[in-house]
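The values are calculated or read from the model by the stated rules, or taken from the named source; none is laboratory data. As the structure is a computational prediction, the values presented were derived from the model and not from experiment. Ligands, DNA and RNA are excluded from the accessible area calculation, which covers all protein heavy atoms including side chains. Shrake-Rupley method; radii C 1.70, N 1.55, O 1.52, S 1.80 Å.
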Amino acid sequence: QVQLVESGGGLVQAGGSLRLSCAASGRIFSTSPMDWFRQAPGKQRELVAGITSAGTTNYADSVKGRFTISRDNAKNTLSLQMNSLKPEDTAVYYCHTFTWPSHYWGQGTQVTVSS
């Protein structure tokens, strides 16, 4: 079993920054990929950024150049640095990992960007 706990969400003005963290515990492997997803009201959950165990990253086009994903395998933590935030970034952000054969999700953290 894997537990993921997000923190760092909040209310910020447009142009501001936030840093999200995800603490992983349980049967987590450093070889597992980890991701950040988000879900805005009335919209489908979407991939924001992902990172492999080797540190290879990928980003949604909408956040490229503004968000940075990182991980600390020794501490089993995942982070998302979000800069130049826009109102359209408002959503619940979820930490996710896949450790065969299961997907695991955190409870989510709310990010609200005011214009």
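Quick notes on this structure:
- Spatial separation of Cα centroids for the range 1-37 and the range 39-115, in angstrom: 7
- In the elastic network of the chain, a GNM with C-alpha springs shorter than 10 Å, the most mobile of G55, G15, G26 is G26.
- Solvent-accessible area assigned to carbon and sulfur over the chain amounts to 51 percent, based on a 1.4 Å probe.
- Of T56, T99, T68, the one that fluctuates the most in a GNM where the chain has Cα springs shorter than 10 Å: T56
- Taking every Cα-Cα distance in the range 71-115 and sorting them into 5 Å bins starting at zero, the pair-distance distribution P(r) comes out as 5, 16, 21, 22, 17, 11, 5, 2, 0 percent.
- Difference of contour (0.36 nm per residue) and Cα-Cα distance, A60 to Q107: 14.8 nm
- Within straight-line reach of K86, meaning a Cα separation under 20 Å, sit the following lysines at least 8 residues removed in sequence or on another chain: K43, K64.
- Probe 1.4 Å, accessible area per residue of the chain, Å²: 53
- GNM remark for the chain: springs join alpha carbons under 10 Å apart, and the peak mean-square fluctuation among P41, P101, P87 falls on P101.
- Extension gain from Q39 to S25, taking 0.36 nm per residue of separation minus the Cα-Cα distance: 2.7 nm
- V5 exposes around 80 Å² of accessible area when a 1.4 Å probe is run over every protein chain in place.
- Fully extending the segment from Q13 to S53 would add 11.1 nm, taking 0.36 nm per residue of separation and subtracting the current Cα-Cα distance.
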